[in-house]
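Since the structure comes first, as structure tokens, the remarks are kept for the end.
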Amino acid sequence: MIESPTTYRVVSLGKLRLQEAWRVELLHSQPRHRLYWITRGQGRVTIRGITRGYGPNTAIFLPAGTQAALELSAQLQGMELGLPIEPALELPTEPFHIRVATPEAQTSLTGHLEKTERELSGQAPAMARALKGYGLLISTWITRELDRTDGAVIRKKSHKLIELYAQAVEAKFRNGLSVADFAAQLGVTPTHLSRLCREASGKPAHALLVERVMQEACRLLRDTDMPAREVAQTLGFSSAAYFTRAFHQATDLTPSEFRTAPRRP
């Protein structure tokens, strides 16, 4: 389900959890910005190959096209805000993951999101103008919170390489490239790259690559009528049979079984 990059959307994390888990919990990206505001529960989020924990009062921002996966625990409460690609909003170009410490800032963000949600539900005249206003308020909130927290989480030196790997995978995962190909592009050995990925995310480089490819395979099988053989070609597999084996290994289902399986709301 690829979302429009030109619209706003607010959805509760409880409702998001009712979707098929692969849509959010496997590595993926979206064509518009996303802000997750977590008010209850804890879990893990992977952003550009780096996994960190989250808890209550955590704000996570993902610029459009950022590769990420969010673990949706049973106790999770909060909201996801989809923001359009609009230069006037002056949103960050890099992702962030911060804990919002002050009650005032927590209440402020919750209020902005709830008002945005009500505006979307009401469909009143001049809605687009009102949404832009709330978007600017949220952008201002982000700028002030990042200023208070100095902008981000401390990075290890090795994280930069992993982020570059995740960005390269996001750009070229449909090309049938191997971890060795990506490692060569980054000027390191596959073994070194895989070790750093495992340290940062708990998964080797190959597993991260396969996860991104399979998430897209699931999306194409669920959301389009593209035949499995065309899905295989689109994702760089040498044959439909090879794709079927890889998909079955990852999901315990063949592409046709996955496509016809009952859908969650």
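Each value in this text was obtained by applying a stated rule to the coordinates, not by laboratory testing. These numbers come from a predicted model, not from an experiment. Positions of Cβ are generated from backbone atoms using ideal geometry, with glycine treated the same way; all protein chains shown enter the neighbour counts.
Observations, loosely collected:
- Percentage relative contact order, the chain, counting C-alpha pairs under 8 Å, at least six apart: 19 percent
- Distance between the 7 Å Cα→Cβ label points at S238 and R198: 2.6 nm.
- Peptides 13-23, 124-134 ordered by average Cβ neighbours within 10 Å, highest first: 13-23, 124-134
- Listed by chain and number, the lysines whose alpha-carbon sits under 26 Å from that of K157, ignoring those within fewer than 8 places in the same chain, are K172, K203.
- For the chain, the ratio of Cα radius of gyration to the globular rule of thumb 2.2 N^0.38 Å stands at 1.05.
- Selection from T251, V231, S194, by position along the positive dipole direction of the chain (Cβ): S194
- Proximal aspartates and glutamates relative to K160, as straight alpha-carbon distance under 20 Å, when same-chain residues fewer than 8 apart are discounted: E94, D150, E170, D181, E199
- Cβ-Cβ distance of Q123 and T7, R₀ of 22 Å, FRET efficiency by 1/(1 + (r/R0)^6): the value works out to about 0.95.
- Proximal lysines relative to K115, as straight alpha-carbon distance under 23 Å, when same-chain residues fewer than 8 apart are discounted: K15, K132
- Remark: the I85-Q167 segment gains 27.6 nm on full extension, using 0.36 nm per residue and subtracting the alpha carbon distance.
- Each of R229 and Q249 was given a label point 7 Å from its Cα along the Cα-to-Cβ line. The distance between the two points is 2.3 nm.
- Separation of segment 214-265 and segment 36-106, taken as the distance between their Cα centroids, equals 29 angstrom.
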